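The values are calculated or read from the model by the stated rules, or taken from the named source; none is laboratory data. Remember, it's a predicted structure, so these values are computed and weren't measured experimentally. All Cβ positions, glycine included, derive from the backbone under ideal geometry; neighbour counts span all protein chains shown.
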Amino acid sequence: MNEKPYVYAPDSFWLRLFETPVGLEVRAFESAFGTTDELLCYYSGILVGNVTHQKRGNGLTINLLPNLDPNRKYAWPSAEAFELSLGKLLRDTQSWNLVCERDCDQQPVPELSHLSSVQNELSLVYAYCKGASSSCPTFSLSGKMPDKRGNRTARKMAKYFINLCAAIRSPLR
C-alpha cells in the first residue's frame with residue numbers, strides 16, 4: 001500500500017454521488033506536517049479518491065484514485081481493491097454519474113446506455129491506467145433512482161459492476 005497502483009490516468013475520471021451511502025467516509029489527509037484541507041474519500045475502508053466538491057444535502061463529487069497525485073503519501077490500495085470498492089460503491093448508491101475523459105478537449109462526452117458497452121469501456125479505462133493499453137475511452141454513465149413505474153436501472157447497473165469487477169480479476173484477453 002505504498003505506491004500508486006496505476007501508471008496513467010485519464011484527464012478526467014470522477015464520480016458524482018447524489019446521496020451518501022453507508023460505508024462512505026470523508027477524512028482530511030494527514031500529511032507528515034499535520035492535517036491538511038485535502039478531503040480523501042474511502043469506501044468500506046478503501047481509498048477511492050479525493051472530494052472535489054461537497055454540498056450539504058446534494059452529495060459530493062470524487063476525483064477517482066487513478067487521478068490522484070502519485071507523490072502523495074496516501075494509503076494506496078491495490079488496483080484490484082480500488083476496482084472492487086468502486087463497483088460496490090456504485091452498487092450501493094442509487095443515484096450517481098460517472099465520467100471518464102481521456103482528453104478534456106471540450107468535445108461532447110458520449111453517454112453510455114448499453115451494459116455491454118459500459119463493461120467494455122470500464123475495462124479499457126482500467127487497462128489504460130495500468131499501462132496495458134494506449135487507448136483510453138471517453139464516456140459518461142448515470143445510475144438513476146428507480147421511478148414509480150419500477151425502473152430498476154440502478155440495480156441492473158450495480159449487478160453489472162459486480163460482474164465487471166470479477167471479470168477484471170482475470171487476465172485481459
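Under 7 Å by Cβ, and 6 or more places apart or on different chains, what pairs join a residue from region 32-55 that is among the small types (Gly, Ala, Ser) with one that is assigned to a strand (DSSP E or B)?
Cβ pairs passing all conditions: Gly49/Cys41; Gly49/Ile62; Gly49/Asn63; Gly49/Leu64.
Being modelled with pLDDT of 90 or more, more than 17 Å from the chain's Cα centre (by Cα) and of a type outside the set (Gly, Ala, Ser): is that true of Asp37 here? Give the derivation first.
Working: modelled with pLDDT of 90 or more: yes; more than 17 Å from the chain's Cα centre (by Cα): yes; of a type outside the set (Gly, Ala, Ser): yes.
The answer is yes for Asp37.
With the structure loaded, tell me whether Tyr42 is among the aromatic types (Phe, Trp, Tyr), crowded, with 16+ Cβ neighbours inside 10 Å and part of a loop (DSSP other than H, G, I, E, B) or whether it fails that test. Please lay out each step first, then the result.
Numbers: among the aromatic types (Phe, Trp, Tyr): yes; crowded, with 16+ Cβ neighbours inside 10 Å: yes; part of a loop (DSSP other than H, G, I, E, B): no.
Here the answer is no, as Tyr42 does not meet what is asked.
In the list Val51, Val26, which residue meets the criterion of being farther than 21 Å from Ser140 by Cβ and in contact with a Leu (Cβ under 6 Å, 6 or more places away or on another chain)? So that I can check it myself, show each step before the final result.
On the way: Val51 fails: farther than 21 Å from Ser140 by Cβ.
After applying the criteria, what remains is Val26.
Being buried (at least 18 other Cβ atoms within 10 Å of the Cβ) and at pLDDT 90 or above is the filter; apply it to region 90-109 and report the residue that is farthest from the chain's Cα centre (by Cα).
Among them, the one singled out is Arg102.
So that you can scan it fast, the table gives a plain yes or no per residue for (1) in contact with a Gly (Cβ under 9 Å, 6 or more places away or on another chain); (2) crowded, with 18+ Cβ neighbours inside 10 Å; (3) within 22 Å of Ser123 (Cα to Cα):
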position: Asp11; (1), (2), (3): no, no, yes
position: Leu15; (1), (2), (3): yes, yes, yes
position: Glu19; (1), (2), (3): yes, no, no
position: Ala28; (1), (2), (3): no, no, no
position: Asp37; (1), (2), (3): no, no, no
position: Ile46; (1), (2), (3): no, yes, yes
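Looking only at region 5-34, filter to residues that are within 25 Å of Asp105 (Cβ to Cβ) and of a type in the set (D, E, K, R); which one of those is farthest from the chain's Cα centre (by Cα)?
Let us first name the residues in region 5-34 that are within 25 Å of Asp105 (Cβ to Cβ), namely 6-16.
This time we only want the ones that are of a type in the set (D, E, K, R), so: 11, 16.
Values: Asp11: 14, Arg16: 9 Å.
Across region 5-34, the extreme among qualifying residues is Asp11.
Test Asp69 against the stated conditions and say whether it is exposed (fewer than 14 other Cβ atoms within 10 Å of the Cβ) and assigned to a strand (DSSP E or B). Lay out the reasoning, then the answer.
On the way: exposed (fewer than 14 other Cβ atoms within 10 Å of the Cβ): yes; assigned to a strand (DSSP E or B): no.
The answer is no for Asp69.
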